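Presented below is the structure to which this report refers.
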C-alpha cells in the first residue's frame, strides 16, 4: 500500500474530497481501498465524499435492486477481503431471493449474498484515460466494501442510468456515518455457539456451498478448530506450497472452485485457471474471465480438509490469516450428485505438512 502522511480533517481544514484528490495527485495509481486506509477512513466514507458530484447514494431496497441488476448485461464483479480479491465477468441472471439471502448463478457469476450485511450503496462514475468508468459499490455497516460491479463495453448503459435514477436515495450529502465494530477474537466469536446444532445439521450437508452457509449461520469462520464428531479430517499443510499447487492445476487443466468472501458475499469461480503471475506479495490468476489476487504472506495457516458426503469425500484447501479469518477456499469443481475429481484429491492429499515451529 502506498505510504503517505495521514490527514487530520478536523484540524487541517481538509475535506475528505480534498484529501483524496491530493493523495491521487501524489500517486495516480493508488486504489480506492488503499486510499481509504491511508486517510484513516472507511471506504464507504471515502466514496460518499463524492455525493453530489460523481457519486449517487442508493436507497436500501436491496432485494429489488438485486433483481434490477439483471438488466445491466455483461459486467465485472469484485468481492474481496483484506487478503484476497476475486474478479469475475458475467451476468446477473438466475437470481433467487429468500429474505436477507440471495443467490446468483448464471454459469459464470456465482454468488451467495447475505443482504443483512449490505448497509450502504453508491453509484460511482470515475474519469479514466479510457473514458468514464461506471460502477455500483456496496458496503457493510462499518464502511467495509462487500461487493462491487463495474460496467464493461458489453453492458447496457441505459439500464444502468435507469437503475441509478430508480434507486436514488433522498440523502445525497457527502458525509457517511459508519459503525465502529469492536475487534473480536476467534474464541470470542465461538463463545455461546450451540455446537449440538452444528453437529445435528452436519450430516445433512451435500455440497460445499451448504457447508459454508452453515458456518456463516453459526458464526464460525475457522473450520479446523471447530469440527464436530463426524467423518471429517483436517491436516495443517505448508502454505508455501500454494503457488506450486496452482501451477499444477493449471498444467493439468483441472477444473477447480475458488471461494473468496466477506460478511456480505461469497463469490465463486468454477473452471480451469491458466495465467499465473507472482507480483510482489501477491500471487495472481489473470485469466480472461477470472482474476484472483492472493496476498500469500498473509496466509498464517493452510488446512487440507476432507468432508464425507453422500457422494463421497469432498476435499478442499482452506486458507486463514493470523486472526483466524478465512482468506479463500479452493476445492475441486463438481456438480451436486457427482463425485469429486480423484486427481484433485490426490494433489491436496500429497501436500507436505507444515513443519512445527522450533
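If you build the convex hull over the alpha carbons only and average its shadow over all orientations, what do you get for region 93-163? Give it in nm² to one decimal. If you can, show how the numbers build up before the last one.
Details: hull surface 22.9 nm².
Here the figure is 5.7 nm², rounded to one decimal.
State, to one decimal in nm, how far the label point of residue 170 lies from the label point of residue 74, with both points 7 Å from Cα in the Cβ direction.
The two pseudo-label positions are separated by 4.1 nm.
So how much slack lies between residue 179 and residue 274, counting 0.36 nm per residue of separation and subtracting their Cα-Cα distance, in nm?
On the way: separation 95, 0.36 × 95 = 34.20 nm, distance 4.08 nm.
Contour length minus Cα-Cα distance gives 30.1 nm.
Which order, highest average first, do 98-106, 77-85 follow once you tally other Cβ atoms within 10 Å for each residue and take the mean per peptide? Let's see the in-between values first.
Values: 98-106: 15.0, 77-85: 21.7.
Ranking the peptides 98-106, 77-85 by packing returns 77-85, 98-106.
Which whole-number percent gives the relative contact order of region 294-343, counting Cα pairs below 8 Å spaced six or more residues apart?
Values: 78 pairs, mean separation 15.1, N = 50.
Across region 294-343, relative contact order equals 30 percent.
Computed from the coordinates by the stated procedures, all read-outs in this text should not be read as laboratory data. Keep in mind that what you see is a predicted model, and the values were worked out from it rather than measured. Quick reminder, even Gly has a Cβ in these numbers, built from the backbone with ideal geometry, and neighbours come from all protein chains shown.
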